[in-house]
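Here is the structure we will look at.
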Amino acid sequence: MRNRCVKTGSKHFDKETLNQLLIDSGWEGLKEKEILFFYN
């Protein structure tokens, strides 16, 4: 479920916002490889 949220969220939010939303939801924040894949 977290993976799907990251994939979809990366299309709609900048990485700082998405990272905070994940943390607020109780999941771990964005991983380095996710940042490199979705935001570069």
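Coordinate-derived values only; no laboratory data. The structure presented is a predicted model; accordingly, all values stated were derived computationally and were not measured. Glycine gets a Cβ as well: all are built from the backbone with ideal geometry, and neighbour counts include every protein chain shown.
Residues of region 1-15 being assigned to a loop (DSSP other than H, G, I, E, B) and surrounded by 11 or more Cβ atoms within 10 Å (Cβ to Cβ), which ones?
Scanning region 1-15 gives a single hit, Phe13.
List every residue pair whose Cβ atoms sit under 7 Å apart, with the two residues 6 or more apart in sequence or on different chains, where the first one lies in region 17-40 and is polar (S, T, N, Q) and the second, anywhere, is outside any helix (DSSP H, G or I) and surrounded by 13 or more Cβ atoms within 10 Å (Cβ to Cβ).
Sorted first by the residue in region 17-40, then by its partner, the pairs are Asn19/Gly29; Asn19/Leu30.
Quick one: which residue in Leu30, Leu18 is assigned to a loop (DSSP other than H, G, I, E, B), in contact with a helix residue (DSSP H, G or I) (Cβ under 6 Å, 6 or more places away or on another chain) and of a type in the set (A, V, I, L, M)?
Testing whether each residue is assigned to a loop (DSSP other than H, G, I, E, B), in contact with a helix residue (DSSP H, G or I) (Cβ under 6 Å, 6 or more places away or on another chain) and of a type in the set (A, V, I, L, M) leaves just Leu30.
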